[in-house]
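Read the structure below first, then the notes.
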Amino acid sequence: MIIGNCTYSVRDYLRSGDMDLLEFAQFCAGLELRALEYNDMFFERWDDEYLADIVKSAEDAGCTIQCLTCGGNLASDDAAANREQIELFRVRLEQAAALGAPVVRLNIGSTGDEERDLTDGVERVIHGFNVLLPTARELGIRMTIENHGGVSKYANPILEIVLG
């Protein structure tokens with residue numbers, strides 16, 4: 001069994017500058033945590049050299065990168081924002097592949113009104129996943145959903161998205 005850790009669990013260190021992403025793997029290895037999940041919010045940059053440095057830091061620590069978690073919103077009422085989000089998630093899929101992460105966990109967001117029926121938001125998310133699916137398949141990346149409020153706050157909308 002391999003136990004892992006997510007950068008979000010050390011967010012206070014990352015935000016304060018007491019740790020950076022290149023030190024995360026070694027920190028985890030010191031705790032015998034070998035599977036790594038990186039949150040996109042903590043990346044300083046996304047160039048090929050930096051991604052390669054992150055991969056090397058994981059390899060040097062004897063760890064494997066399992067997941068790239070991405071914040072965002074596919075359920076917004078703003079169609080233009082949703083199109084931009086889809087394109088950003090497409091780029092994140094490519095970056096996950098560069099990191100060797102077999103999984104991308106997507107925060108799918110909200111319509112902005114927790115009291116409103118979720119149908120429109122669910123449909124937008126299904127559309128976004130369907131647009132992203134060919135890229136994910138091509139790259140061999142599995143997409144997962146983070147249940148994080150909004151459209152993914154309850155099991156039934158998540159099920160609709162997965163089956164959609």
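Out of the stretch 51-73, which residues are in a helix (DSSP H, G or I) and loosely packed, with under 15 Cβ neighbours inside 10 Å?
Within the stretch 51-73, 52, 53, 56, 59, 60 qualify.
Taking the condition assigned to a helix (DSSP H, G or I) and buried (at least 19 other Cβ atoms within 10 Å of the Cβ), does residue 81 pass?
Against the criterion (assigned to a helix (DSSP H, G or I) and buried (at least 19 other Cβ atoms within 10 Å of the Cβ)), residue 81 does not qualify.
Go through (1) assigned to a loop (DSSP other than H, G, I, E, B); (2) more than 13 Å from the chain's Cα centre (by Cα); (3) in contact (Cβ under 8 Å) with a residue 12 or more places away in the chain and name the single condition residue 113 misses.
Here residue 113 clears every test but (3).
Mind listing whichever residues of the stretch 36-49 are farther than 13 Å from residue 99 by Cα and among the aliphatic types (A, V, I, L, M)?
Correct list: 41 only.
Among the residues of the stretch 1-55, which ones are among the small types (Gly, Ala, Ser) and in contact with a helix residue (DSSP H, G or I) (Cβ under 6 Å, 6 or more places away or on another chain)?
Within the stretch 1-55, the first condition is being among the small types (Gly, Ala, Ser), and the residues that meet it are 4, 9, 16-17, 25, 29-30, 35, 52.
Listed by number, the list holds a single entry, 25.
Among the residues of the stretch 128-164, write down those that are part of a helix (DSSP H, G or I), free of Cβ contacts under 8 Å to residues at least 12 places away in the same chain and not charged (D, E, K, R).
Matches in the stretch 128-164: 133, 134, 155, 156, 159, 163.
Scanning for something of a type outside the set (Asp, Glu), at positive phi and open to solvent by 30 Å² or more (accessible area, probe 1.4 Å), does the stretch 14-22 turn up at least one residue?
Taking the stretch 14-22 and keeping what is of a type outside the set (Asp, Glu), we get 14-17, 19, 21-22.
Those left that are additionally at positive phi: 17.
Add one more test, that the residue is open to solvent by 30 Å² or more (accessible area, probe 1.4 Å), and what stays is 17.
Yes, because at least one residue in the stretch 14-22 is of a type outside the set (Asp, Glu), at positive phi and open to solvent by 30 Å² or more (accessible area, probe 1.4 Å).
Quick one: would you say residue 76 is out of contact with any strand residue (DSSP E or B) (no Cβ under 8 Å at 6 or more places or on another chain), under 22 Å from residue 143 (Cα atoms) and assigned to a helix (DSSP H, G or I)?
no
The values are calculated or read from the model by the stated rules, or taken from the named source; none is laboratory data. The structure presented is a predicted model; accordingly, all values stated were derived computationally and were not measured. Methodologically, a virtual Cβ is constructed for each residue, glycine included, from the backbone with ideal geometry; neighbour enumeration extends over all protein chains shown. Quick note on the areas: whole protein, heavy atoms, side chains included, nothing else; ligands and nucleic acids left out. Shrake-Rupley method; radii C 1.70, N 1.55, O 1.52, S 1.80 Å.
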